[in-house]
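Novice: I have a structure here, written as C-alpha cells, and I will follow up with some questions on it.
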Amino acid sequence: MKPFFFISAVISACVSVCIVLFMIILGLPLFREGLFFSMLTSPWNPSNGVFGLYPMIIGTLGISSLALVFGFPLSLGTAALISGLAPKPLAAVLRKTVQAMTGIPTVVYGFIGVFLLVPLIRNLAGEGSGMCILSSALLLSVLISPTMILTFSDTFDQVPVKTRMAATALGATPVQTFLWVVLPASKKGLVTGLILGMGRAMGDTLIALMISGNAIAVPDSLFSPARTLTAHIALVIASDFDSPEFKTLFACGLVLYGFTALSTLAVRAIDTVFRSES
Amino acid sequence: MKTTTLKNMALAFILILLIPTGLMAGSLDSFKGEKGSLKISGGTAHIPVMKDAAKRIMAVNPDIQISIAGGGSGVGITQVGEGLVDIGNSGRKPKDEEIAKYGLSMVEWAIDGVGVAVNPANPVGSLTKAQITDIFSGKITHWNQVGGVDKAINVYTRDEASGTREVFGEKALNKGPITTKAVVVASNGAMKSSVATDPYAIGYVSVGHMDKSVKAVSMDGVAPTVDTVKSRKYPIARGLYSNTKGTPKGLAKKFLDYLMSAEGQSLAESHGFIPVK
Amino acid sequence: MSRMEKIRIDDLSFAYGKRTILNRVEARFMENTITAITGPSGQGKSSFLMVLNRLWETIPGAHVTGRVNIRFDGEFRDIHHRSMPLTRLRRTVGMVFQTPNPLPMSVAGNVAFPLKLAGTGKRKNTEERVEKALSRVHLWDEVKDRLKDDARKLSGGQQQRLCMARALVFEPEILLLDEPASSLDAKAAAGIEDLMLELKNTCTLIVVSHSMDQVRRTADRVLTLESGELHGCESS
Amino acid sequence: MSRRWIERGFTVFAFAAAGILMAVTMVLTGYLVMKGWNSLGLELVFGTTRPMDALCLRRPVLDGLFPAVAGTFALVALSVSIALPLGIGTGIFMSEFASGALKRMFSLFYDILAGSPSIVVGLFGFSISIFLHRYVSGQLYPCLLISALSLAFLVLPYLIRSTQTALENLPPEVRLTALALGASPVQNLFYVLIPRSLPGILSGVVLSIGRCAEDTAVIMLTGVAASAGLPRSVFGNYEALPFHIYTVSSQYMDSAELATGYGASILLFGVTSSLFLFSFIIKNIATARTAVSGPGL
C-alpha cells in the first residue's frame, strides 16, 4: 500500500511544480528577450507593441491592500466577539454565520455588486461609472473577512482556558482579558490571517473582473477603474496563441504565482520564528 | 428601428413550439440523422443569432450538441485557425494574413452597423464625428462640452480582441486612440447593459444589439439604424462572418447552409441584422 | 481568641448540566483561619472554590442556587446580588490554581496585571507593590534580576509562588488555594505551606488538599466534600 | 484613565465591526433573495420542458438552467473523483509515512499549490490543453475533462490537508491499541486510523465539492461555454452555473434573462453555503470526538 500513497504524494507535488514550470517555459521567450523586467514597469498598449503589466500590478496591489484596510478591522472585531467578548449564544450565531459566509461564491458577490454596489458608488461619487477600485475593494473585504475571522478566532481560542481563567480570577472583564492577555499572545495568528486575506484578495478574479472596470490606465483615485492581473488573464486569455499578448499572460501568471508563493513562504517563516521564540 | 424585443420573443417561442410537431419543415431537415458536436466561438455580436439557430437545431435533433462561446472576433479567428473550434465568428473580415496563415474560408451571412450609444436619460442624441473622436480619445471629458449636463463622461470600450472595436476604431475614430481610462467590457451584450445602467456612459455597440434600453446617437446627423446601414447612409458598417478552417465540412457546413437559408436569414433579420440574401 | 465570621454559605447547590455537585450545602468560615477541604477527586472541590469568587459563571452549563455572603467592611453582602461589583469581589477573593498558570507576559507584568486591570497606580507605585508582593512569597530575591523575563521560563515552584504574589498584590481578604502544592516537589511544597501560615495573619484561607500531611500541618479545620455534601470537623 | 477608554472603545468597536459585517451580509443576501425569489421554481431549471422529460433526457431544455445545473454537477463529480484518491492518498502518506526533509519539501509544495490563485490554475489547465492539442491530438481542446482536472488540482491541497490533520490529531492511544493486538501497520490504518479520522477527511471532501461548484475563474479558461446544452462527453464543452451568472451579469438581453441570473445565484449560493456549513459541522463533530469531554478543570 505504501507505494500507492507515495506515488499520490509525488503526483500532487508534481502538479505544484508543473504549474510554475509551465509558466516559466511558456514565458521563457520574454526572459530570453529580456522583456520580463521591463514589462513590470511599462504600460499596456498592444496597438503600439507595448505589453507592460505595470497598471495591472498597481491595480492588484491597490485593490487588495484597500480590501485589507476595510477587512482587517471588521475581521478583528468580529473575531473578538466570537472568541470571548460576546455572550455564548451570540458568539455561536456569529460563528455559524461567518462559516456560511465562506461559502458565498465569489461570482455571486460580483453579481450582486454589479446591480447593487456599482450604482450606489456611482451616485455617491457623483462621477465615474461606479466600476472602480473602491467598489471592488469594498466587496473583496466582505469576501476575505470570513477567512481572516476564522484564522483570528482559531488563534484566539488557542490561548489556554487556564490562562483566561487566571485573568478572570484576578478580576479581569472579558474585554480586559481579550485586550491584555489574548490579543498580545496572538500576534502570529494576526499576521498569518492578514497574509491569508491578502492572498485571497490578490487571487480573486471574478469580483475584479466584474466590477473594477478593467481600464488599462494606472488608477489615480479611489473612483478610478482599474484592471487586476487576474482580470487581465481572464480578458486576454481569449486572444492569439502566438501573439505577444498571449505570452504576457504567462508573465502575469508568474507575477501572481510569485506574490502567492511569497506569502506562503512568509506564513511559514512566521511559524518558525514564533515557534522558536516560545 | 428594429421590431420590439417582445415580438421577437413571441416569434421565437412560437417557432420553438412548432418545431417538435414537425410542421417546421425545410432547411432544418438536413440535420436529421446527424450526430456529434459543433463548437462555435468568437464574435459577440453573432451570439444571439447563433444561440437561436442552435436551439432550433438541437430541438429537432437532440443528438447534436452545439456549444457557443464568446471571446471576440480575434479569438474566433485564431481559435478556428488553431482547430480549437469548428466555426470562428468575426465581426470584421479576417485579415489577408490571417486567411493565408490558417487557410480560412469565410461566410458572410449578415451586415451589421456599429453605433454610438448613450443612456436613454442623456439629452445628447447627436454628435459629430470629430466630437466622437475627441470623446473616445479623452479630449472631451464632460457632457456639457457637447450640449449635455455638467457631468464627466464615462467612456466604455471593448478589449483588443473585439471586431466591433476594430471596425469602430477604423471607421469612426480614424484609428485614433481610445483613452486608457475607459472601462473595458467583454462583449456587445455587456456594452449594451453597461450603457443602459450608467446615465453618463458612452459606448459603441452592434446596431443589431441596440434596443430601447440604450439611446442610439446620430453621427453627423445620421442615426445608426437597420435602414441607414442598409442604405449605406450610415458609414460604420461591417459584415458578420463565420469562418472555418478550409472549406466547411459536415455539421459546420450544414450549420452555415442553415444560416444562409431563408429561415437563417430571417433569423438574422429578426435580431436586427441585415440579411445578405 | 474572638474570631469573626467571614463567609456564610446557606443552602448552596451547584449543578453541572444534570449532575449535582453540591447539594444544599451550609458552611461558615472564620477570619484568619485555614480551612482544608478534602475528599475523593471529581467530587467538586474546585467547583466549590469557584463559587466563592463567581468564577463558575465562566463555565458553560454550570448552575448555582443558594446564598453566599461575605463580610466586606463589617457588613455581610450576598456575592450573587446585583449590587455586588464583580471586580471588587474578585479583588477581595484571590485564587491560586492547581497548576501554575502564569499569563503569557513578563514576571513583573504578571504581578502588575491586576493593577493594570484596575487602572490604578503610577509607575513608581506599581514597582513598589510588585516588589512587596514578590517579597511576601519569598520570590523577590530569586527573580529581581529577571523581572523582564517571560514568566513561563521560571521553575514550577517559582511559577506557583508568582501566581500567589499575583493574587496577593491587591491584598485580598480571602485566598482560595486549589491544591497549590500538588504539582511541586517536596521542598517547594514546604515553602508554600510556610507561606500559607504567614498569610493566615491577614487572610481567610480555604485550601483544597489531598495531602493529609499538609492538612495536618496547616489547617485549623478540615471539611470533607463527598456526594455533594460538606462534612465538617474541627481539628487542632 | 486612558486604558479604561481603550477597553470601552474596543467593545464598541467590536460590536460595530460585527454589526457592519452582518448588516452587509444581510443586505447582500436579502437583495439577492428579494430580486430572485419570484424566479425560483421548477420553471427556472426546466423552462417549458416537463421536468421528467428533461431528467430522462427525452427532450432538451432550451430555456432553463438545466444544462448549467447538469454541467456543474458533472464537473463536480468528475473533479472530486479525480482529486479524492490522490488527495487522500497524499494525506495518508504525509501523516503516516513521510518524515524529515521530504515531508517539509512536500508540504511546502502543497502549501504553495493551496495559495495559487484559481485563475493561475486555470491558465495552467488552458496551456496544457493547447499543448495536447498541438502535440498529441487535434481532437483535444479545452473541455469538461480539462476543467475537471484543473479543478481537481485546485482542491487537492484541501483534501491533503484535511486528511493529514485528521490523522495526525488522533490521540496516541488510538494508534497503539491495534498495533499492540498484533495488527500490521496497514491493517491499523484501514481498520482503526482511517475510520477514526473519517469526519475530518469528510469535511475536507465536502469543502472541495463546494469549491468545485463555485469556482468560475478556472472553468472560464478551460472549456465552459455560454451555451452548450447538456454535457455529452468529457471531451466536449459544457455550461455551468457560476459561468451562467457571470455572463448574465454583463450581457443579459432582457429582464427575463436577468431573472435567471438572480435565480442561478440563489441556487448556487444555497448549495455552496450549505456545503460549507455542513463541512464545518462535520469538523466540529470530529474535534468534539477527539477532545477530552467533561468538566475537567
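Novice: Ordering B:TYR234, A:TYR54, D:TYR246 from largest to smallest accessible area (1.4 angstrom probe), what's the sequence?
Specialist: Sorted by accessible area, descending: A:TYR54, D:TYR246, B:TYR234.
Novice: How high is the relative contact order of chain B, in percent, counting Cα pairs under 8 Å that sit 6 or more residues apart?
Specialist: Here the relative contact order equals 27 percent.
Novice: What are the residues whose amide H is under 5 Å from the amide H of B:SER218, where those residues sit 5 or more places off or on another chain and H is modelled from the backbone?
Specialist: B:SER126, B:LEU127
Novice: With contacts defined as alpha carbon pairs under 8 Å and 6 or more residues apart, what's the relative contact order of chain A in percent?
Specialist: Normalised by residue count, the contact order of chain A is 26 percent.
Novice: Moving on to the next point. Please work out the Cα center distance from segment D:214-273 to segment C:1-50, rounded to the nearest Å.
Specialist: Going from one Cα centre to the other spans 66 Å.
Novice: Modelling each spin label as a point 7 Å along the Cα-to-Cβ direction, I'd like the C:MET212/C:GLU127 distance in nm, to one decimal.
Specialist: For C:MET212 paired with C:GLU127, the spin-label model returns 5.1 nm.
Novice: Still on this model: Just reorder C:VAL107, D:VAL24 by solvent-accessible area, largest first, 1.4 Å probe, all chains present.
Specialist: D:VAL24, C:VAL107
Novice: Amide H of B:THR157: which non-local residues (sequence gap of 5 or more, or other chain) have their own amide H closer than 5 Å, using H built in the peptide plane?
Specialist: Under 5 Å from the amide H of B:THR157 lie the amide H atoms of B:VAL183, B:VAL184, B:VAL185, each far enough along the sequence or on another chain.
Novice: For an R0 of 51 angstrom, estimate the FRET efficiency from the Cβ-Cβ distance between A:LYS187 and A:TYR54 and round to the nearest 0.05.
Specialist: The formula returns an efficiency of 0.90 here.
Novice: What do you reckon, how do D:TRP5, C:TRP140 stack up by accessible area (1.4 Å probe), largest on top?
Specialist: So the residues, ranked largest to smallest area, are D:TRP5, C:TRP140.
Novice: For a test of the definition: using alpha carbon positions, the gyration tensor, and the 1.5 limit on a/c, classify chain A as rounded, prolate or oblate.
Specialist: The shape class here is oblate.
Novice: Still on this structure, please answer the following. Provide the per-residue ³J(HN,Hα) series for segment C:16-28, in order, calculated from phi with Karplus coefficients 6.51, -1.76, 1.60 and θ = phi - 60°, each as a whole number of Hz, with x at glycine and proline positions.
Specialist: Once θ is set to phi - 60°, the couplings for segment C:16-28 become 10, x, 9, 8, 8, 9, 10, 10, 6, 7, 10, 7, 10 Hz.
Novice: Follow-up question, since we're still on this one. Taking the alpha-carbon centroid of each part, what is the distance from segment B:202-218 to segment D:71-99 in angstrom?
Specialist: So the two Cα centres are separated by 50 Å.
Novice: Taking the Cα-to-Cβ direction at A:VAL273 and at D:LEU108 and moving 7 Å from each Cα, how far apart do the two end points lie in nm?
Specialist: Using points 7 Å along Cα→Cβ, the separation is 1.8 nm.
Novice: List the relative contact order of segment C:56-169 as a percent without decimals, with contacts defined as Cα pairs under 8 Å and 6+ residues apart.
Specialist: 31 percent
Novice: At 25 °C and 0.890 mPa s, grab the translational diffusion coefficient of chain B from Stokes-Einstein with a Kirkwood Rh over Cα pairs, rounded to a whole number in µm² per second.
Specialist: This corresponds to a translational diffusion coefficient of 127 µm²/s.
Novice: Once you have a ≥ b ≥ c as the square roots of the Cα gyration tensor eigenvalues for segment B:113-237, tell me rounded if a/c is under 1.5, and otherwise prolate or oblate according to whether a/b is larger than b/c.
Specialist: Cα axes put segment B:113-237 in the rounded bin.
Novice: Another one. Long-range amide H contacts for A:ASN45: which residues qualify at under 5 Å (H placed 1.01 Å from N, peptide plane, sequence gap of 5 or more or a different chain)?
Specialist: Amide H neighbours of A:ASN45, under 5 Å, 5+ apart: A:VAL50, A:PHE51, A:GLY52.
Novice: Might you work out the accessible area of A:ILE149 for me, using a 1.4 Å probe with all protein chains in place, and round it to the nearest 10 Å²?
Specialist: Per-residue accessible area (A:ILE149): approximately 0 Å².
Novice: Read phi for every residue in segment B:135-151 and hand back ³J(HN,Hα) as whole Hz from Karplus 6.51 cos²θ - 1.76 cosθ + 1.60, θ = phi - 60°, with x for Gly and Pro.
Specialist: So the Karplus estimates, Gly and Pro as x, are 5, 6, 7, x, 6, 8, 10, 10, 5, 5, 6, 10, x, x, 7, 7, 9 Hz.
Novice: Just to check I understand the Karplus step: with θ = phi - 60° and J = 6.51 cos²θ - 1.76 cosθ + 1.60, what whole-Hz values come out for segment A:32-37, glycine and proline as x?
Specialist: Using θ = phi - 60°, the values come out as 4, 7, x, 7, 3, 6 Hz.
Novice: Computed FRET efficiency, Cβ-Cβ of C:ASP220 and D:THR287, R0 41 Å: what is it to the nearest 0.05?
Specialist: 0.35
Novice: Apply the a/c threshold of 1.5 to the C-alpha gyration tensor of segment A:1-114 and tell me whether it is rounded, prolate or oblate.
Specialist: oblate
Novice: As a quick test, which of the pairs B:LYS101/B:LYS253; B:LYS35/B:LYS55; B:LYS93/B:LYS129; B:LYS93/B:LYS249; B:LYS139/B:LYS230 have an alpha carbon distance above 26 angstrom in this structure?
Specialist: B:LYS139/B:LYS230
Novice: Hull surface divided by four, with the convex hull built on the Cα atoms of segment D:40-292: how many nm²?
Specialist: Directional mean of the projected Cα hull area for segment D:40-292 stands at 17.0 nm².
Novice: Pairs C:LYS148/C:LYS187; C:LYS116/C:LYS187; A:LYS2/A:LYS188: which exceed 28 Å Cα-Cα?
Specialist: Violating the 28 Å Cα-Cα cut-off are C:LYS116/C:LYS187; A:LYS2/A:LYS188.
Novice: So how far, in whole Å, is the C-alpha centre of segment C:177-236 from the one of segment D:8-36?
Specialist: Distance between centres, Cα-based: 52 Å.
Novice: Turning to a different aspect of this structure: Figure the gain on full extension for B:GLU34 and B:GLU263 (residue separation times 0.36 nm, minus the Cα-Cα span) and round it to one decimal in nm.
Specialist: 80.5 nm
Novice: In nanometres, what is the gap between the two model label sites at D:TYR31 and A:VAL17, each 7 Å from Cα along Cα-to-Cβ?
Specialist: Modelled inter-label distance: 4.7 nm.
Novice: For B:LYS175 and A:LEU116, what is the calculated FRET efficiency with R₀ set at 30 Å and r taken between the beta-carbons, to the nearest 0.05?
Specialist: It comes to 0.20.
The values are calculated or read from the model by the stated rules, or taken from the named source; none is laboratory data. These numbers come from a predicted model, not from an experiment. Counting neighbours? That spans all protein chains shown, and the Cβs are built from the backbone with ideal geometry, glycine included. For accessibility, only protein heavy atoms count, side chains too; no ligands or nucleic acids. Shrake-Rupley method; radii C 1.70, N 1.55, O 1.52, S 1.80 Å.
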